[in-house]
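Presented below is the structure to which this report refers.
The values are calculated or read from the model by the stated rules, or taken from the named source; none is laboratory data. These figures come from a predicted structure and were not determined experimentally. Quick reminder, even Gly has a Cβ in these numbers, built from the backbone with ideal geometry, and neighbours come from all protein chains shown.
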Amino acid sequence: MKKKTRSKPRTTKKSWATGLAAQVWPQERDFLERPERYRYVRKLFPDVGCVFCAVEPAVMDYKSLVLVRDAHCMVVMNKYPYNTGHLLIMPRKHLGQLCDLDDMVNGALAAWMKRCVTILKQEMNCDGFNLGLNQGRVAGAGIPDHLHWHVVPRWAGDTNFFPLIAETKVLPESLEQTYSRLKPHFAATAVKG
Ligand SMILES: [Zn+2]
């Protein structure tokens, strides 16, 4: 009698629909379109000087987008965010080169980076962050003359095709809504200066 040999377990290839495509084309979500970002990235606005220095003395409210400032630093919401809750941390002094930054201010900025991450994680329950500084226009800095660190919250599946085809990011809530959510957290940590 011929002995039956067990056939090898059948391996099923991961289908296109559940593999790479599922990462590139995530599930549908509710988004608001942000067409003004297109004008921004196309540099269609006239040069009005340093916008960070313009808001540096401003009232901390939704219009200025300033969330908090202390003696040396301030945290501002990005007017053209890559994602909901995209924050900018910067020295109050107009500086474009990291090597010109005072060590004490550099330490204060790092402390704000940690606080921002803590607040965003607590309020928005994000899964991760993109954190960083672009120094110089060639490195992608939109405002290269005034150092600013980006804090971009990330959620699983938050990438969609809009930035790829139209350089336009769509967001699930308005800037005003996000500002209202975050402001109380920063008010609690604020050091007046
Ligand atoms: Zn400036």
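Points to keep in mind about this one:
- Residue within the range 125-141 that is surrounded by 13 or more Cβ atoms within 10 Å (Cβ to Cβ), acidic (Asp, Glu) and at pLDDT below 95 present: no
- Flag for residue 121 being farther than 25 Å from residue 53 by Cα, at pLDDT 95 or above and in a helix (DSSP H, G or I): yes
Listed here are the residues, each with its yes/no results for (1) crowded, with 16+ Cβ neighbours inside 10 Å; (2) within 14 Å of the ligand (Cβ to nearest atom).
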{"residue": "54", "(1), (2)": "no, yes"}
{"residue": "59", "(1), (2)": "no, no"}
{"residue": "69", "(1), (2)": "yes, yes"}
{"residue": "77", "(1), (2)": "yes, no"}
{"residue": "82", "(1), (2)": "yes, no"}
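- Qualifying positions in the range 87-112 - aliphatic (A, V, I, L, M), within 16 Å of the ligand (Cβ to nearest atom) and surrounded by 14 or more Cβ atoms within 10 Å (Cβ to Cβ): 88, 89, 90, 95, 101, 105, 109
- Residue in the range 140-153 that is out of contact with any Ser or Thr (no Cβ under 6 Å at 6 or more places or on another chain), more than 16 Å from the ligand (Cβ to nearest atom) and more than 22 Å from residue 171 (Cβ to Cβ) present: no
- Evaluation of residue 168 against (1) at pLDDT below 95; (2) part of a helix (DSSP H, G or I); (3) among the hydroxyl-bearing types (Ser, Thr, Tyr) (one fails), failing number: (2)
- Only residues that are surrounded by 16 or more Cβ atoms within 10 Å (Cβ to Cβ) and at pLDDT below 80 were counted across the range 171-188, and they come to 1.
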